[in-house]
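*Asks:* Have a look at the structure that comes next, please.
The values are calculated or read from the model by the stated rules, or taken from the named source; none is laboratory data. Since this is a predicted model, take the numbers as computed values, not measurements. Cβ coordinates were reconstructed from backbone atoms using ideal geometry, including for glycine residues, and neighbour counts include every protein chain displayed. Accessible surface is based on the protein model in full, side chains and every heavy atom, while ligands, DNA and RNA are left aside. Shrake-Rupley method; radii C 1.70, N 1.55, O 1.52, S 1.80 Å.
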Amino acid sequence: MSNIQTERLIIRPFSDKDAPDLLAYMSQPRVNCFADERIHTLAEAQADIKVRMKDELQFAVATKDNNHLIGHLFAHQEDDEGQDTYSVGWHFNPTYSGQGYATEAADALLNYLFNDKSARRIYAYVEEDNIPSQNLCKRLGMRQEGTFIEFISFVKNPDGTDKYENTQQYAILKKEWQNLT
């Protein structure tokens, strides 16, 4: 993938220099779905970067003014017959919240998947208490398709048992996306 540039961002492959910035927000994930990806040390961040660099559907999001990592996007192509369906997600440093960066980056990701990767359908799973990501999905024109009750567990309850979370699914079709743009 070549770099994607938006008004304020560069969406690009990860590079070794991203490790300190990745550590900054992955050491304290804001939502439970990233709890198992928690990074504790710079060495772990460097190793994680190496893995992300090998995956063409992992995208670093950096500001144009200084090219510092502020978050990342990811996509996963489904293994169904048509292979035209992608799940997507995002994770941003909370320091940059409320400035429209996630919307700007996710909009570019959907545009890339629909137009360059020939996606027909894109969906995202969002935990029921993750209101910022639900709002982002809505700003992108995605519709809520349903809620999976006690769908998945990312963390434990204080007694050590799995804490199951309700998860909402949002989706958008290429034809719906085209009507928005």
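*Asks:* Go ahead and estimate [θ] at 222 nm for the chain from helices alone: -39,500 (n - 2.57) per DSSP H run with n ≥ 4, summed, over the residue count, rounded to 500. Intermediate values should be presented prior to the final figure.
*Replies:* Details: 5 runs with 51 residues, N = 181.
After summing the helix terms and dividing by residue count, I get -8500 deg cm²/dmol.
*Asks:* Okay, next question. Below 11 angstrom from the Cβ of Cys137, what's the summed charge of the other residues (Lys, Arg +1; Asp, Glu -1)?
*Replies:* Values: positive: Lys138, Arg139, Arg143; negative: Glu145.
Spelling it out: positives minus negatives among the neighbours equals +2.
*Asks:* Cut-off under 21 Å on the C-alpha distance; same-chain residues fewer than 8 positions from Lys117 excluded. Which lysines are left, in chain and number order?
*Replies:* Lys54, Lys174, Lys175
*Asks:* Relative contact order for the stretch 51-181: what is it in percent, counting Cα pairs under 8 Å that are at least 6 residues apart? Present the calculation step by step, with values, prior to reporting the outcome.
*Replies:* Values: 196 pairs, mean separation 24.4, N = 131.
This gives 19 percent for the stretch 51-181.
*Asks:* Now a separate question. Accessible area of the chain with a 1.4 Å probe: how many percent of it is carbon plus sulfur?
*Replies:* Answer for the chain is 47 percent, counting heavy atoms of protein chains only.
*Asks:* Also, quick follow-up: Rank Ala106, Tyr86, Phe74 by how far each Cα sits towards the positive end of the charge dipole of the stretch 9-149 (+1 on Lys, Arg Cβ; -1 on Asp, Glu Cβ) and give me just the farthest.
*Replies:* After comparing all options, I get Ala106.
*Asks:* Roughly speaking, what is the stretch gain from Asp162 to Gln77, that is 0.36 nm per residue apart minus the C-alpha to C-alpha distance, in nm to one decimal?
*Replies:* Separation in residues times 0.36 nm, less the Cα-Cα distance, equals 27.8 nm.
*Asks:* Would you work out which of Gln168, Ser2, Leu136 lies farthest towards the positive end of the dipole of the chain, given +1 charges on the beta-carbon of Lys and Arg and -1 on that of Asp and Glu, about the Cα centre?
*Replies:* Final value for the positive-end residue is Ser2.
*Asks:* Give, as a single signed number, the net charge of other residues whose beta carbon lies under 10 Å from the beta carbon of Ala171, with Lys and Arg counted +1 and Asp and Glu -1.
*Replies:* On the way: positive: Arg121, Arg143; negative: Glu145, Glu176.
Neighbourhood net charge equals 0.
*Asks:* Now for a separate question. Taking the solvent-accessible surface of protein heavy atoms with a 1.4 Å probe, what is the per residue accessible area of the chain in Å²?
*Replies:* On the way: 9550 Å² over 181 residues.
Value for the chain: 53 Å² per residue.
*Asks:* Now, a different point. Springs between alpha-carbon pairs under 10 angstrom, Gaussian network model over the chain: which of Lys64, Lys50, Lys156 fluctuates most?
*Replies:* Lys156
*Asks:* Given R₀ = 30 Å, FRET efficiency for Lys175-Leu42 by Cβ-Cβ distance, to 0.05? Could you put the intermediate results ahead of the total?
*Replies:* Values: r = 45 Å, r/R0 = 1.50.
Computed FRET efficiency for Lys175 and Leu42: 0.10.
*Asks:* Could I ask something else about it? Taking Rg and Dmax of the Cα atoms in Å straight from the coordinates, which label in (i) 16.3, 49; (ii) 32.8, 97; (iii) 17.6, 74 is the correct one?
*Replies:* Label of the calculated value: (i).
*Asks:* Pairs of Cα atoms under 8 Å, at least six residues apart: use those to get the relative contact order of the stretch 45-101, whole percent. Could you put the intermediate results ahead of the total?
*Replies:* Working: 60 pairs, mean separation 13.1, N = 57.
Once divided by the residue count of the stretch 45-101, the mean separation gives 23 percent.
*Asks:* When Lys and Arg each count +1 and Asp and Glu each count -1, what net charge do the other residues less than 9 Å away from Ala45, Cβ to Cβ, add up to? Mind dumping the intermediate values first?
*Replies:* Values: positive: none; negative: Asp18, Asp21, Glu44, Asp48.
Value of the local net charge: -4.
*Asks:* Also, quick follow-up: What does the charge dipole of the stretch 70-181 about its Cα centre add up to, to the nearest 20 debye, if the Cβ of each Lys and Arg holds +1 and the Cβ of each Asp and Glu holds -1?
*Replies:* Details: 10 positive and 17 negative charges, 93 e Å.
Once rounded to the nearest 20, the dipole reads 440 debye.
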